[in-house]
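The values are calculated or read from the model by the stated rules, or taken from the named source; none is laboratory data. It should be emphasised that the depicted structure is a prediction, and the values quoted were computed from it without experimental measurement. Cβ: placed from backbone, ideal geometry, glycine included. Neighbour counts: every protein chain shown. Keep in mind that these areas ignore ligands, DNA and RNA; they rest on the heavy atoms of the full protein, side chains included. Shrake-Rupley method; radii C 1.70, N 1.55, O 1.52, S 1.80 Å.
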Amino acid sequence: MKPLKYTLLILVTTLIMGTSFPVGKIGMMYTPPFLLMGLRYILAGALLAWIIRKRPMPVGWKQWMQVAIIGLFQSAGVMGCAYYSMNWISSGESAIITFTNPLLVIILSAALYGVSYRFSQWTGVVLGFVGVALTFGFHLSMSPGTWIGFGGAVSFAVSTLLIKRWGAAHDTFVLTAYQMLAGGAALLLLSVFTEQPHFIVNTTSIIVLVWLTIFCSIIQFTLWFYLLQNTDPAKTSSFLFLAPLFGLLSSFVLLEEHVGWIVGAGGVMICLGIFLVNRHPASHKSVLDKPGLTQHTPAS
């Protein structure tokens, strides 16, 4: 792939990822978060499932169960927590927390699989979490939204490891479509029991839903898979650190959220940490290097 094309596609993809946070917060003015996310994933999953209807489907209840479990963590857990956290924290802060996922993958992989990593990768983990603490002024216990956001980041990391384990047995686009349907169904069910479901129909709410469904789900996934299939996945995944920066910038533009210098500094440290984690693959075959891990995990 030509460098200019590669750069443009990376920038467009991570920009779309970042915009899903402030756009979602705008949508929450007209509908509660679980309902908004449920509608987004049901619509996106159904449309994508129709587009790829001739591709090979999962075989047997076990593979369908794997898809459903991935959907509960990847779609329902990640973005459900991210959007719900925005009841307490800004969309930019939610984006920063959610994209600490690569740092958590390192920790969980080392703890659960005994994988060893380079010194620079552990340095990245430390920098990333110092950046999170700096972003919130070292007062993480003050807001429930902070911990809910971290729950989404942990869910992101768990889904990444599950996709690493199960993803090779599934068609990539079929897995994407049906895990969104599973996550969307779970979010709609959660909305029924925890929210007062309503959707105020107006021009803004429809634009938000279309943007989240078409751009932040279908187009984002398609671009991300195209990049990973035509470039070095490890190199491409390292550019995920751009997403929280775009989240901060788009929150400033769309919501006029104040981005203080300390938040910016924390965001830069998190981005640097994620870059160090992904910059060099381990010399041995680690969890992060195996097929099916980063290839399937765009967050938003």
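Sub-7 Å Cβ pairs linking a first residue in region 87-99 that is under 20 Å from residue 274 (Cα atoms) to a second residue that is among the charged types (D, E, K, R) and open to solvent by 10 Å² or more (accessible area, probe 1.4 Å), at least 6 apart or interchain, are 91/25; 91/257; 92/257, ordered by first then second residue.
From the list 158, 132, 126, the one residue that fits, being crowded, with 23+ Cβ neighbours inside 10 Å and closer than 21 Å to residue 240 by Cα, is 132. The set of residues from region 180-198 being touching a Ser or Thr at 6+ places or on another chain (Cβ under 6 Å) and within 23 Å of residue 16 (Cβ to Cβ) comprises 180, 183. The single condition from (1) open to solvent by 10 Å² or more (accessible area, probe 1.4 Å); (2) modelled with pLDDT of 90 or more that residue 2 fails is (2).
Quick grid of which residues meet (1) crowded, with 23+ Cβ neighbours inside 10 Å; (2) over 18 Å from the mean Cα position of the chain (by Cα):
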| site | (1), (2) |
| --- | --- |
| 11 | no, no |
| 21 | yes, no |
| 26 | no, yes |
| 31 | no, yes |
| 46 | no, yes |
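Going by the conditions given, is residue 176 open to solvent by less than 40 Å² (accessible area, probe 1.4 Å), in contact with a His (Cβ under 8 Å, 6 or more places away or on another chain) and modelled with pLDDT of 85 or more? Answer is yes for this residue. When each of 35, 47, 8, 103 is tested for being part of a helix (DSSP H, G or I) and closer than 19 Å to residue 160 by Cβ, the lone residue that passes is 103.
Looking at 153, 68, 110, just one residue is open to solvent by less than 10 Å² (accessible area, probe 1.4 Å), out of contact with any Lys or Arg (no Cβ under 6 Å at 6 or more places or on another chain), part of a helix (DSSP H, G or I) and among the aliphatic types (A, V, I, L, M), and that residue is 153. Across region 238-282, the qualifying residues are those that are of a type in the set (A, V, I, L, M) and in a loop (DSSP other than H, G, I, E, B), and the one among them that is modelled with the highest pLDDT is 259.
For beta carbons closer than 9 Å, sequence separation of 6+ or different chains, a first residue in region 239-256 that is over 17 Å from residue 102 (Cα atoms) and a second that is open to solvent by 90 Å² or more (accessible area, probe 1.4 Å), the qualifying pairs are 252/258. Within region 1-21, being touching a residue at least 24 places away in the same chain (Cβ under 8 Å), more than 8 Å from residue 246 (Cβ to Cβ) and of a type outside the set (Val, Ile, Thr) holds for 1, 6, 9, 11, 20, 21. If the condition is being within 24 Å of residue 70 (Cα to Cα) and surrounded by 17 or more Cβ atoms within 10 Å (Cβ to Cβ), then region 196-214 contributes 209, 211, 212, 213.
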